[in-house]
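Below is one structure, written out as structure tokens; the observations come after it.
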């Protein structure tokens with residue numbers, strides 16, 4: 001990739017969760033590069049995940065899912081793969097949606113679409129209204145407690161401009177996080193799915209369908225269970241799609257309010 | 001498909017709003033203010049000058065309080081004016097800020113002339129302007145909260161504007177009646193009864209259509225308690241106004257206060273229903289699974 005081109009291919013991530021070993025190097029590299037503050041010591045008792053979720057100060061989050069049935073869960077006896085138990089690990093990140101709700105609802109224009117097709121917050125514009133937070137169908141973006149402004153993964157916008165891969169992809173030791181041109185990543189993901197599906201029928205690509213509720217993701221995932229198991233929505237949808245209908249309902253209600261007031265004032269035989 | 005929805009340690013999938021109660025309060029004050037402006041303009045046309053005066057001044061006061069509430073909730077309040085650096089129809093908050101700003105100017109002029117000036121052409125134009133802006137000011141807030149991934153809000157998008165419009169009319173009628181004689185408050189009483197009944201019906205229809213899953217956040221926890229209180233107060237207000245409002249000033253004032261409380265509780269109920277529906281992943285997962293939308 002060259003750095004000085006005006007027009008770029010859409011860049012993105014392909015996170016192949018079957019390769020993730022849960023080392024959290026991506027979380028650390030992200031925090032380091034983006035100078036994000038620590039979130040404090042907090043023991044969740046949820047497997048090896050003490051991060052919990054993506055937030056304004058955590059832009060990569062590694063999820064740990066332990067799927068072991070019945071008695072073998074007592075941790076005293078090791079469980080063999082053949083017995084059906086398994087670990088799922090997955091590094092979650094902003095999806096950089098094709099139709100991004102956070103970007104749509106931002107009242108200041110602080111969120112914008114970069115030349116790489118990614119969605120980025122301009123820190124000097126955001127006034128911390130917090131509207132993007134409930135708007136995101138994935139619960140990704142959040143307000144930083146230290147700055148009072150919204151923040152999330154930028155796909156390392158500064159590194160991309162210098163022709164460098166995002167810090168998490170660079171740090172990932174297993175190539176579970178792959179960075180590149182989105183069209184190429186999609187092809188790679190589909191090929192990988194064919195391989196994995198032979199071993200695990202639950203394997204599925206998440207975010208590759210451009211006809212989906214957010215028009216496809218800029219960050220694809222290969223999962224081996226349903227999205228909700230990883231804390232991801234099964235059928236995310238950009239709510240601004242329904243905005244024309246909502247504005248219409250609000251206009252009708254406003255008209256009804258006006259009519260009601262007119263009736264209350266005029267629809268009477270009271271003497272003035 | 002499993003009958004019990006699966007999740008990641010029961011953690012929320014979407015993030016709920018991070019607004020303070022300022023915003024719930026704004027939903028109430030903005031509605032009261034907007035509907036007051038519209039009521040004021042109509043009262044002016046009907047030559048009900050005491051009502052018009054009360055409404056005009058209340059609308060301006062409400063606009064000022066609304067702006068203060070909105071600014072107080074920002075992470076960077078000093079950057080409030082960044083809201084007005086763009087015009088963005090896809091952002092209900094941006095559209096709403098423009099409406100509130102224009103409303104604040106028109107209603108401010110109308111109120112200033114009401115208090116210190118004459119009832120000239122400028123006041124008529126400003127009053128009409130604030131009335132026209134006051135109507136969308138009362139209902140856009142429904143779009144504001146419905147345009148989120150919060151299930152109990154987004155799926156109620158068809159009914160919420162009507163609930164908010166009725167609640168706005170109820171509170172405007174009640175508030176302004178407090179400052180008027182029984183004779184002058186006749187319009188307020190009719191508005192209260194009509195709007196109160198409409199609000200009760202609209203809320204009920206909304207929760208019924210949401211169904212067992214997404215109707216639940218409106219009837220449990222904080223939201224449920226607020227909804228119950230709102231219903232009780234609104235029913236009391238409507239009945240008292242209809243039966244005794246004309247005869248007793250005390251009963252009318254009591255009913256007005258009950259109506260204001262009811263409208264306020266209704267807004268807090270909706271506010272907390274959103275919070276509750278975002279906090280539990282089952283509302284997101286079960287709804288999306290049931291909707292049978294394509295995986296994207």
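Could you work out the relative contact order of chain A, using alpha carbon pairs under 8 angstrom and six or more residues apart, expressed as a whole percent?
Relative contact order for chain A comes out at 25 percent.
I'd like to compare A:138-146, B:218-226: which one has the highest average count of other Cβ atoms within 10 Å, and what's the full order after that?
For the peptides A:138-146, B:218-226, the packing ranking is A:138-146, B:218-226.
Do the sum for the protein assembly as shown: with -39,500 (n - 2.57) for every DSSP H run of n ≥ 4, divided by all residues, what is the mean residue ellipticity at 222 nm, to the nearest 500 deg cm²/dmol?
Dividing the helical sum by the residues of the protein assembly as shown leaves -17500 deg cm²/dmol.
Please work out the Cα center distance from the stretch B:38-81 to the stretch A:140-204, rounded to the nearest Å.
48 Å
Please compute the average number of Cβ atoms from other chains found within 10 Å of each residue's Cβ in peptide B:135-141.
Mean number of neighbouring Cβ atoms from other chains: 6.
For chain B, set up a GNM with springs between Cα atoms under 10 Å and report which of B:99, B:109, B:18 has the largest fluctuation.
Among B:99, B:109, B:18, the largest mean-square fluctuation in the Gaussian network model of chain B belongs to B:18.
Considering only C-alpha atoms, what is the centroid distance from the stretch A:234-254 to the stretch B:180-203, in Å?
Their Cα centres are 29 Å away from one another.
Testing the spin-label approximation: label points 7 Å from Cα along Cα→Cβ at residue A:86 and residue A:21. State their distance in nm.
My value for the distance between the label points is 2.0 nm.
Rounded if a/c is under 1.5, else prolate if a/b beats b/c, else oblate: with a ≥ b ≥ c from the C-alpha gyration tensor eigenvalues square-rooted, which is chain B?
Oblate, because a/c is 1.5 or more while a/b does not exceed b/c.
For chain A, set up a GNM with springs between Cα atoms under 10 Å and report which of A:178, A:67, A:204 has the largest fluctuation.
Comparing A:178, A:67, A:204 in a Gaussian network model of chain A, the most mobile one is A:67.
Connecting C-alpha atoms closer than 10 Å in a GNM of chain B, tell me which of B:127, B:75, B:262 has the biggest fluctuation.
Comparing B:127, B:75, B:262 in a Gaussian network model of chain B, the most mobile one is B:75.
At residue A:161 and residue B:105, where each label point lies 7 Å from the Cα along Cα→Cβ, what is the point-to-point distance in nanometres?
3.5 nm
Return the distance in nm (one decimal) between the two label points of a simple spin-label model at residue A:66 and residue A:50, each offset 7 Å from Cα along Cα→Cβ.
1.6 nm
Return, ordered by residue number, the residues of the stretch B:145-184 whose backbone nitrogen is under 19 Å from a label point located 7 Å along Cα→Cβ of residue B:22.
Correct set: B:145.
What FRET efficiency comes out for the pair residue A:28/residue B:72, r = Cβ-Cβ distance, R0 = 35 Å, nearest 0.05?
Computed FRET efficiency for residue A:28 and residue B:72 comes out at 0.45.
Order of B:154-165, B:239-250, A:236-247 by packing, highest average Cβ count within 10 Å first?
Most protected by this proxy first, the peptides run B:154-165, A:236-247, B:239-250.
For peptide B:151-162, compute the average count of partner chain beta-carbon atoms within 10 Å of each residue's beta-carbon.
That average works out to 4.
Please find the FRET efficiency linking residue B:81 to residue A:201, where r is the Cβ-Cβ separation and R0 is fixed at 56 Å, and quote it to the nearest 0.05.
0.50
Relative contact order for the stretch B:72-208: what is it in percent, counting Cα pairs under 8 Å that are at least 6 residues apart?
17 percent
Can you work out the FRET efficiency for the pair residue A:9 and residue B:228, with r the C-beta to C-beta distance and R0 = 35 Å, to the nearest 0.05?
So, using R0 = 35 Å, E works out to roughly 0.05.
For peptide B:193-203, compute the average count of partner chain beta-carbon atoms within 10 Å of each residue's beta-carbon.
Shielding by partners across B:193-203 averages 1.
Here, each number is a calculation from the coordinates, and none is a lab measurement. Because the structure is predicted, anything quoted here is derived from the model rather than measured. Every residue, glycine as well, gets a Cβ built from its backbone with ideal geometry; the counts of neighbours run over all protein chains shown.
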